[in-house]
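Every number in this text was worked out from the coordinates using simple rules, so none of it is lab data. The structure presented is a predicted model; accordingly, all values stated were derived computationally and were not measured. Glycine gets a Cβ as well: all are built from the backbone with ideal geometry, and neighbour counts include every protein chain shown.
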Amino acid sequence: MTDDHRSGCPINLSLEVFGDKWSLLIIRDMIFGGKRHFRELLRSQEGISSNILADRLKTLVEIGMLTKADDPSHKQKAIYSLTEMAIALVPIMAHLGAWGRRYLPVTEELSIRAQLMEDGGPKLWELFMSELRAEHLGEARPKGPSVRQTLQAAYERVVARKSMEQQPVDHIHDSSESRSRAPEPKA
């Protein structure tokens, strides 16, 4: 074993690649959120700082999880793409999401995608990986509805429902209701 690694254990080596606090979250945002630019990734709900994001992106490119290219739509932007190595993490992400849903205090809106990935199983994961290969590696796009769009639509439905549940109910008093509660005039 080289001095660069603690051991040749596959779990250890995997954790050396993506076991820090941020790397899997960056890959998660690219896989599930379709984020491909620095500024998009910077808006992560977990609040990654710009210097940490820059460092992790550089590392993920160096180890072959991502590629970085000039964005043809904007000269001053770079676009990040998942490599096959990162796309192959979809089943691991599905399992991590299922584990988190089972054992941790998740929120419904942030766990709906994990639930759908768990329910869809390996067939859905393969379809999603094919979709990601089309988007990031230029392979042919699979036929049928987009997995990411399906996951996003489920998320948006939960957010909309929760928003409706939290809105205060306007109490409109019926005029007959108001009259029935008014004191009767004395004769």
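For the residues ARG56, ARG102, what sequence is obtained by ranking on other C-beta atoms within 10 Å, fewest first?
The fewest-first ordering by Cβ neighbours comes to ARG102, ARG56.
Looking at the stretch 34-113, which GluC sites (Glu not before Pro) are in a loop (DSSP not H, G, I, E or B) and have at most 16 other Cβ atoms within 10 Å?
For GluC sites (Glu not before Pro) across the stretch 34-113 that sit outside H, G, I, E and B with at most 16 neighbouring Cβ atoms in 10 Å, the list reads GLU46.
Give, in nm to one decimal, the length gained when the segment between VAL17 and ALA78 is fully stretched (0.36 nm per residue of separation minus the Cα-Cα distance).
So the extension gain works out to 19.7 nm.
LEU66's amide H: which non-local residues (gap 5+, or another chain) put their own amide H closer than 5 Å, with H modeled 1.01 Å from N in plane and none for Pro or chain starts?
Long-range HN contacts for LEU66: VAL61, THR83.
For the stretch 127-162, state which GluC sites (Glu not before Pro) are in a DSSP loop and have at most 15 other beta carbons lying within 10 Å of their beta carbon.
When the GluC sites (Glu not before Pro) of the stretch 127-162 are filtered for loop state and at most 15 Cβ neighbours within 10 Å, GLU139 remain.
List the lysines whose alpha-carbon lies under 23 Å from that of LYS58, not counting same-chain residues fewer than 8 positions away?
In chain and number order, the partners are LYS21, LYS35, LYS68, LYS75, LYS77.
From a point 7 Å beyond the Cα of GLN45 in the direction of its Cβ, which residues of the stretch 113-152 have a backbone N at a distance under 20 Å?
Hits in the stretch 113-152 for GLN45 at 20 Å: 113-120, 147-152.
Express in nm, to one decimal, how much length is gained between HIS37 and ALA140 on full extension, taking 0.36 nm for each residue of separation and deducting their alpha carbon distance.
Length gained, HIS37 through ALA140: 34.8 nm.
Would you calculate a helix-derived [θ] at 222 nm for the chain, using -39,500 (n - 2.57) for each DSSP H run of n ≥ 4 and dividing by the full residue count, to the nearest 500?
Per the formula, -19000 deg cm²/dmol.
Which one, ILE27, LEU42, ILE52, projects farthest toward the positive side of the charge dipole computed for the stretch 7-82 from Cβ point charges (K/R +1, D/E -1)?
LEU42
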